[in-house]
Amino acid sequence: MSRGVLVDAGPLIAILNRRDRDHAACVAALKRLKSPLLTTWMPITEAMHLLGFSRPAQDGLMAFVERGALRLLPLDEGDVEGIRELMDRYADLPMDFADASLVHAAIRERINEIFTLDRADFSVYRLGPRRSFRVVAV
């Protein structure tokens, strides 16, 4: 069951930075995806920071959001407890705030597919008993 594909910061950065070693693979993977692309503000913030060397790349990321190619899942103060619990559960990795926001949104929205370059961590994160992410092949 997929209500969309979550997108982590890594592929966003690679898609918008032609010099990124994963650029071609991420662009090809993006072309194969048919489901709505979803994320939270945290990976957008992370990507914007890491794309700070290129204002055109930052503009490209904002354009993805503006034209609805990348939809934002809402998070509010009611989500903080769940995000904190995830960061505590995976403290040994450690799980960062952006990843925790994506995992929390995935559990809440019943989404099991993610477009990420962070296969190692997202293969460990669980969405419930015996439920794991399906990572988009890059």
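Numbers at a glance
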read-out: Residue count for the stretch 13-25, restricted to those that are surrounded by fewer than 19 Cβ atoms within 10 Å (Cβ to Cβ) and assigned to a helix (DSSP H, G or I); value: 3
read-out: Residue within the stretch 88-107 that is under 28 Å from GLY128 (Cβ atoms) and in contact with a Cys (Cβ under 8 Å, 6 or more places away or on another chain) present; value: no
read-out: Residue in the stretch 67-81 that is in a helix (DSSP H, G or I), over 19 Å from SER123 (Cα atoms), touching a residue at least 40 places away in the same chain (Cβ under 8 Å) and of a type outside the set (Ser, Thr, Tyr) present; value: no
read-out: Criterion: hydrophobic (A, V, I, L, M, F, W, C) and either within 11 Å of the chain's Cα centre (by Cα) or not in a helix (DSSP H, G or I) (or both) - qualifying residue of ILE107, ILE44; value: ILE44
read-out: Boolean, GLY10 is surrounded by 14 or more Cβ atoms within 10 Å (Cβ to Cβ) and either at pLDDT below 95 or within 23 Å of LEU127 (Cα to Cα) (or both); value: yes
read-out: Filter result for the condition that a residue is surrounded by 14 or more Cβ atoms within 10 Å (Cβ to Cβ) and more than 13 Å from the chain's Cα centre (by Cα), over LEU75, LEU102; value: LEU75
read-out: Set ALA57, ALA28: member being surrounded by fewer than 19 Cβ atoms within 10 Å (Cβ to Cβ) and more than 17 Å from PHE122 (Cβ to Cβ); value: ALA28
read-out: Number of positions in the stretch 31-49 that are buried (at least 16 other Cβ atoms within 10 Å of the Cβ) and either farther than 18 Å from PHE122 by Cα or in contact with a Pro (Cβ under 7 Å, 6 or more places away or on another chain) (or both); value: 1
read-out: Restricting the stretch 110-136 to residues that are over 14 Å from the mean Cα position of the chain (by Cα) and assigned to a loop (DSSP other than H, G, I, E, B), the residue that is nearest to ILE44 (Cα to Cα); value: ARG110
read-out: Checking GLU66 against (1) modelled with pLDDT under 95; (2) surrounded by fewer than 13 Cβ atoms within 10 Å (Cβ to Cβ), the condition it does not meet; value: (1)
read-out: Condition met for ILE83 (among the β-branched types (Val, Ile, Thr) and under 11 Å from MET42 (Cβ atoms)); value: yes
read-out: Filter result for GLY78 (of a type in the set (Gly, Ala, Ser) and within 28 Å of LYS31 (Cβ to Cβ)); value: no
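Table: residues versus (1) without any contact (Cβ under 8 Å) to a residue 24 or more places away in the chain; (2) out of contact with any strand residue (DSSP E or B) (no Cβ under 8 Å at 6 or more places or on another chain).
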position: THR40; (1), (2): no, no
position: PRO43; (1), (2): no, no
position: ARG89; (1), (2): yes, yes
position: GLU113; (1), (2): no, no
position: ARG119; (1), (2): yes, no
position: VAL124; (1), (2): no, yes
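The values are calculated or read from the model by the stated rules, or taken from the named source; none is laboratory data. None of these values were measured; they are calculated from a predicted model. Every residue, glycine among them, receives a Cβ derived from its backbone with ideal geometry; neighbour counts consider all protein chains shown.
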